[in-house]
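One structure is given below, encoded as structure tokens.
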Amino acid sequence: MKHILSRRLLDIAPLFFVTGFMASASAGVLGQGEIKKSYETYCASCHGVNLEGGLGPNLIDDTWLHGSSDKDVANSIRLGNLDAGMPAWQKTLTEDQIRAMVVFISEKKFLSLQEQVKESLKPNNGVYNTEKHNFTLSLVDSFEGLVWGLSFLPDGSWFATEREGRLWYKENNQPKRLIKGTPDTWQFKQGGLFDVIADPDYAKKGWVYISYAENKGVKEDGKPAGMTAVARGKIVNGEWTEQQMVFSAQDKFQISRGVHFGSRFVIDDDYLFFSIGERGRMEMAQDLTRPNGKIHRVHHDGSIPKDNPFVNTKDAVKSIWSYGHRNPQGLARHPETGELWSTEHGPRGGDEVNLIKPSLNYGWPIITHGINYNGEPISEKTAQEGMEQPKHFWVPSIATAGIEFYKGSVFPQWKNNLFATGLVSKELHRVVIEGDKVIEDEILLQDDGRVRDVAVSPDGNVYIVVNDNSKANGKIYRLDPVK
């Protein structure tokens, strides 16, 4: 059997047709917390402690008597089935708790299928056999820190960042070089040096853009505070020079939490797009007077385009392009349509693939397909008028990070497919998009480490960034085709 996710999504049971497999590394949070206690209190006596069935039916097989969509399962919990002996739980469980129970069942369902799928993902004598192309992995370079971003120049050379604050440059056939003099980064929890990208006309202009956690000495409630910042500079004789700040949040917007910084880049001839997570303050994602929880658009020098959607909105941050985001760690432009796509690192369940358009609200935290890590609900709502639905989401979470569209001839059958990375799931996904719909999701590899980023070189080769957090080091691999 091939990976089930290599089939078209519409062939998969509806409850799971936009979900991801193999979040085995997240077993430390799956099935734990408040919702597990609720299940044991109200459901286990009939459906079994492990959802294996008893007086009531098995919840982790493929048989769903009353519909398998999220809505169907929620209705079954809410309204019950007295003829079958199942009481209605709508007066016992809140709508938030019912939503959390649906996520809990979905997680357990996929974990029960994990082992049979895992075998099919293992390489055969080093060869990964996938639906369209087979490949091997070649080690390109190793790092002493955690690699965060990888970006190619037109001549095939590349920049890479380590979260510990180091920027590296590698020309073809030369050892990588550490760039000296880059700005200090706030090394706090998830904070550090993030993404890197070169100016589209790098040969003439020489600008390199980096994003990082910035701490300017500001404190919030007596604690050091910071925010995602963007700077550009030029590299002369291995030194970072001529630095200019492209984005730096005002002191009043600095936050002391060490999570959800974003941050990814897309750049074209006129604009730079970058993302900032909501920094652990979920309610601020809906606040246009705050920069966090947003995707931004600026000119290359940081100035605000006159046609940005909120330039005339009182007190709004003028660089905002879209809002209602949790932690968008992937950003990429479709090579043919030019549309902007993003992946958003969700909570427990609810990692998203979004088509980003100006002024739109992507819903966090008012709507979400996930719950809190401790099993407590976030919202009963997965949809609301005026808020965008993801084009794809994963339950259980894969902890999605960097993304990239494929353009090149090395893997011709992957043309225009979106590569999406998974940290907790240790996966690389191939997502097929037709128009504005995701129609297929295939796992290309799994269990080689936390996949943080993916990049396509000018000659059409695919590279992935893989980290081992236990050893705090990272590697870059290349996917080599096998015929």
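The values are calculated or read from the model by the stated rules, or taken from the named source; none is laboratory data. Small disclaimer: the values here were computed from a predicted structure and weren't measured. Glycine gets a Cβ as well: all are built from the backbone with ideal geometry, and neighbour counts include every protein chain shown. For accessibility, only protein heavy atoms count, side chains too; no ligands or nucleic acids. Shrake-Rupley method; radii C 1.70, N 1.55, O 1.52, S 1.80 Å.
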- Note on the structure: Nearest-0.05 FRET efficiency for Glu283 and Glu164 at R0 = 41 Å, using Cβ-Cβ distance, is 0.85
- Find which of Val259, Gly280, Ala249 sits farthest along the positive direction of the dipole of the chain, computed with +1 on the beta-carbon of Lys and Arg, -1 on that of Asp and Glu, about the Cα centre. Ala249
- Item | Label-to-label distance, nm, for residues given as Ile439 and Lys252 (7 Å Cα→Cβ offset) | 5.0 nm
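Of all the accessible heavy-atom surface of the stretch 252-328, with the other protein chains kept in place and a 1.4 Å probe, what percent is carbon and sulfur?
Result for the stretch 252-328: 46 percent of the exposed heavy-atom area is carbon or sulfur.
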- Mind giving me the FRET efficiency for Asn173 and Lys483? R0 is 22 Å, r the Cβ-Cβ distance, nearest 0.05 is fine. 0.25
- Item | In degrees, nearest ten, helix 95-112 long axis to first principal axis of the chain (Cα) | 80 degrees
- Item | FRET E, pair Ala472, Glu40, Förster distance 41 Å, beta-carbon r, rounded to 0.05 | 0.65
- Query: Of all accessible surface on the stretch 343-483 at a 1.4 Å probe, what whole percent is carbon and sulfur?
  - Reply: 45 percent
- Task: Quick one: accessible surface of Trp168, probe radius 1.4 Å, all protein chains present, in square angstrom to the nearest 10.
- Result: 40 Å²
- Separation in nanometres of the label points that stand 7 Å from Cα toward Cβ, at Lys118 and Leu79: 3.9 nm
- Note on the structure: Sorted list, accessible surface of protein heavy atoms, 1.4 Å probe, largest first, for Thr289, Thr185 is Thr289, Thr185
- Treating only the Cβ atoms of Lys and Arg (+1) and Asp and Glu (-1) as charged, compute the dipole magnitude of the stretch 363-475 about its Cα centre; round to the nearest 20 debye. 300 debye
- Given charges of +1 on the Cβ of Lys and Arg and -1 on the Cβ of Asp and Glu, with all other atoms neutral, how large is the dipole of the chain about its Cα centre, in debye to the nearest 20? 720 debye
- Solvent exposure of the chain as accessible area per residue, Å², 1.4 Å probe: 41 Å²
- When the accessible area of the stretch 96-224 is computed with all protein chains present and a 1.4 Å probe, what percentage of it is carbon and sulfur? 43 percent
- Query: At what distance in angstrom do the alpha carbon centres of the stretch 202-280 and the stretch 390-461 lie from each other?
  - Reply: 26 Å
- Message: As a test of reading the structure, rank His325, His133 by solvent-accessible area (1.4 Å probe, protein chains only), most first.
- Response: His133, His325
- For a paramagnetic label modelled at 7 Å from the Cα of Asp447 toward its Cβ, which residues of the stretch 411-431 fall within the zone defined by backbone nitrogen distances under 19 Å? 422-430
- Task: Evaluate the distance, in nm, between pseudo-label points positioned 7 Å from the Cα of Lys91 and of Asp459 along their respective Cα→Cβ axes.
- Result: 7.1 nm
- Cα axis of helix 70-79 to longest principal axis of the chain: angle in degrees, 0 to 90, nearest 10? 40 degrees
- Message: Below 25 Å, Cα to Cα, which lysines can Lys216 reach? Residues fewer than 8 away in the same chain don't count.
- Response: Lys180, Lys189, Lys234, Lys252, Lys294, Lys318
- Which of the trypsin sites (Lys or Arg not before Pro) across the stretch 409-476 are loop residues per DSSP, with 10 or fewer other Cβ within 10 Å? Lys471
- Sorting Met282, Met227, Met387 on solvent-accessible surface, 1.4 Å probe, most exposed first, gives Met282, Met387, Met227
